[in-house]
Amino acid sequence: MKAISDNTGMGIGFSLRRRTVLAGWALSVVMLGHAPAASLRPVGEAAAATGSNLGPLIEASALRPWLGRVRILDIREPDDEAPADAARWLAGAVSAPYSRWRGPLGEERPLPELTAWVRSLGLDAQTPVVIVGDGEEASDFGAAARVYWTLRWLGLRRLAILNGGASAWIDAGLPLARQPATVTPSTYTPRLDASVRASLEEVRARLGDPQTLLLDARPAPFYRGALKAPAARRPGTLPGAQSFDHAQWFPDGSARLPDAATLARIAAQGPWQARAGAAPTRMVSFCNTGHWAAINWFVLSEVLGQSGVQLYPGSMVEWSRAGLPMDHVPGRAEQLWAQLRTLWRSTP
């Protein structure tokens, strides 16, 4: 298995085998009234799937009555080694591999290409959508979150992520099929939602703005400049950025988000909380290529209802390739030494 990671510029594979999903609190109801942080407020789309409501996060047990009434996007990569007659597909799901949502270096697909792709999946503004990733580790959630964010940016709102991914589906005994579903293409025309996206130019214009928090979702070694993505030109982070590793949302180490009260307690310790003066009115989540950053965006914006949260999809790969200012950039000698250490560790 190749783990889903924001630290690679190559295609991302998904393991299709079943494994035991680590125990976690069931999230059948997400109500932000439990949240202790005053800056976290409930919004219409930020309720868990209960009763007649769908999204943004749904448990496998709550999904069962929705089967046949929602479009399920299975974003795992096809398994070429699986027997042709194996019942390995999620019954009723459309195959929508994650690699089709981003370019080979993790870059955004052109809007005409994304539009054609969404139409081929039969999606439109009225289609309720459930996104299902692999569900084996925390970084897997980033793929589902990135697809969710892409659809939000394209103007779709009836969206949910299956908590725990395909592993949760299988463990819940939901039906499987030998082939993915086929659908009638739509004629959907995107209505771009600029409120969820920050471009390179917008991020550059906000450098030094005390009301904007640049939030680095990568593990600490990337933030400190000790590591970089292969496609990035230099290690380091955005000027003035604060660190919040995406893995902090998964305290038990699983691929499942915990309940909203737990998420709110984690959020209460985040750098977006006012320490001195006013809290930021805008947050921009970034990482290497917008994969891990999508998790921070999803939890803060969609689950916890924090307003003013955006994703910078180009992230550090785009920024470093543009030659723009960065913090925590080590000296040339230190960079060469880090490259030698990496080469040494990778040598058999």
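Values as computed for the structure displayed
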{"quantity": "Extension gain from residue 181 to residue 196, taking 0.36 nm per residue of separation minus the Cα-Cα distance", "calculated": "2.4 nm"}
{"quantity": "Where labels lie 7 Å past Cα in the beta-carbon direction, separation of residue 234 and residue 322 in nm", "calculated": "1.4 nm"}
{"quantity": "Cut-off under 5 Å, modelled amide H: who pairs with residue 243 long-range", "calculated": "216"}
{"quantity": "Theoretical gain in end-to-end length, residue 252 to residue 117 [0.36 nm per residue, Cα-Cα removed]", "calculated": "45.1 nm"}
{"quantity": "In the stretch 165-252, trypsin sites (Lys or Arg not before Pro) in a DSSP loop with at most 10 other beta-carbon atoms within 10 Å", "calculated": "191"}
{"quantity": "Amide H contacts of residue 285 (H built 1.01 Å from N, under 5 Å, at least 5 apart or other chain)", "calculated": "215, 310, 311, 312"}
{"quantity": "The stretch 191-273: mean projected area of Cα convex hull, nm²", "calculated": "7.8 nm²"}
{"quantity": "Fully extended contour minus Cα-Cα distance, from residue 205 to residue 278, at 0.36 nm per residue", "calculated": "24.2 nm"}
{"quantity": "Ordering of 247-260, 283-296 by burial proxy (mean other Cβ atoms within 10 Å per residue, highest first)", "calculated": "283-296, 247-260"}
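Just so you know, all these numbers are worked out from the coordinates, no wet-lab data involved. What you see is a predicted model; the values in this text were computed from it and never measured. FYI the Cβ positions are ideal-geometry reconstructions off the backbone, even for glycines, and counts take in every protein chain you see.
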